[in-house]
Amino acid sequence: MSEVQRKKYSDKEKNSIFDHEFMPHIDSMYNFAFRLTFDEDDAKDLVQDTYLKAYRFINSFEKGTNAKAWLFRILKNSFINEYRKKSKQPSKVDYQEVETYYNSDNVDYNMTSDLRVDAVKDMLGDEISNALNSLAVDFRTVIILCDLEGFTYEEMAKILDIPIGTVRSRLHRARNLLKDKLRSYAENMGYDTEEE
Amino acid sequence: MDNENTSNKRKLNCNDESKCFELLESILDGEETPGSKELLNEKLAKCQPCFEHYHLEKVIREVLKSKCTKHLVPAELKDSIRQKIQEIK
């Protein structure tokens with residue numbers, strides 16, 4: 001977020017902000033952390049670190065403003081700076097996703113035309129979840145922020161430190177990749193019930 | 001197109017898919033601009049590709065929201081955070 005004037009909160013005010021403005025977002029924060037790290041312990045550490053940083057820098061948070069976006073930004077930065085390096089996910093998954101996208105030329109819209117609304121509705125939670133998890137982290141992140149957490153493009157731009165136009169295009173690409181995945185699941189469902 | 005009498009049916013081709021789909025996605029994301037609701041209704045009523053794209057995008061958002069937010073926070077996490085805060089105070 002933009003630089004805000006530093007406050008000087010009393011301990012009582014700090015606790016009140018922490019309890020009433022920060023802690024209510026812990027479910028969303030944990031879900032985000034888990035989908036970034038794919039590991040329960042890493043997710044816990046990431047959320048805990050984020051809350052400790054939030055407390056330490058609470059004077060740069062303006063009471064009553066968008067705490068959720070502020071916390072998500074801290075979490076995202078912590079992830080990039082500390083967890084991404086030691087992430088247990090091999091980077092080749094991300095690479096392959098990006099490749100798939102960039103090799104797809106401009107067939108953007110046609111390639112998902114055979115994905116049906118009913119097929120998506122019939123999918124299991126695991127399939128949806130796996131499809132989301134299979135996306136490269138940058139694509140996965142925008143979908144989480146937008147579709148799961150309901151952030152606006154403007155909030156996402158601030159959380160991710162990127163222009164709104166980039167949010168929009170990244171989201172669009174992410175959605176196309178996701179639809180690709182869902183389509184391949186749908187095709188599998190349609191052929192046979194036998195697992196591969 | 002080839003038959004003017006089918007004006008109550010949706011056209012099967014969209015003349016400007018990229019732009020239309022971008023607009024539809026923005027609206028689904030809650031990024032509305034003045035007049036976008038009216039434009040949306042018009043597209044959905046008149047254009048089959050827009051109609052299909054809108055509903056597919058809509059259902060994907062719905063399943064994501066209903067099926068990907070169910071990771072329960074480990075019970076000890078909140079306590080652990082509070083304890084750590086006490087330590088740095």
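In table form, for the structure just shown:
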item: Packing rank of B:16-29, B:74-87, where each peptide gets the mean count of other beta carbons within 10 Å, highest leading; result: B:16-29, B:74-87
item: Whole-number D in µm² s⁻¹ for region B:4-88, Kirkwood Cα-pair radius fed into Stokes-Einstein, 37 °C, 0.692 mPa s; result: 204 µm²/s
item: For B:Lys11, distant residues with modelled amide H under 5 Å away; result: B:Cys47, B:Gln48
item: Over 31 Å between alpha carbons, listed pairs A:Lys8/A:Lys44; A:Lys76/B:Lys65; A:Lys44/B:Lys37; A:Lys158/B:Lys19; A:Lys121/B:Lys84; A:Lys179/B:Lys37; result: A:Lys44/B:Lys37; A:Lys121/B:Lys84
item: 21 Å Cα-Cα threshold exceeded, pairs from A:Lys12/B:Lys89; A:Lys63/B:Lys70; A:Lys7/A:Lys68; result: A:Lys63/B:Lys70
item: Whole-Å semi-axes of the ellipsoid equivalent to region A:11-83 (Cα gyration tensor, √5λ, descending); result: 21, 11, 10
item: Förster radius 22 Å - calculated FRET efficiency between B:Phe51 and B:Glu31 (Cβ-Cβ, nearest 0.05); result: 0.65
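The numbers here are math on the coordinates, done by the rules we state, and not lab data. Source: prediction; values computed, not measured. A quick note on method: Cβ atoms are made from the backbone with ideal geometry, for glycine too, and the neighbour counts reach across all protein chains shown.
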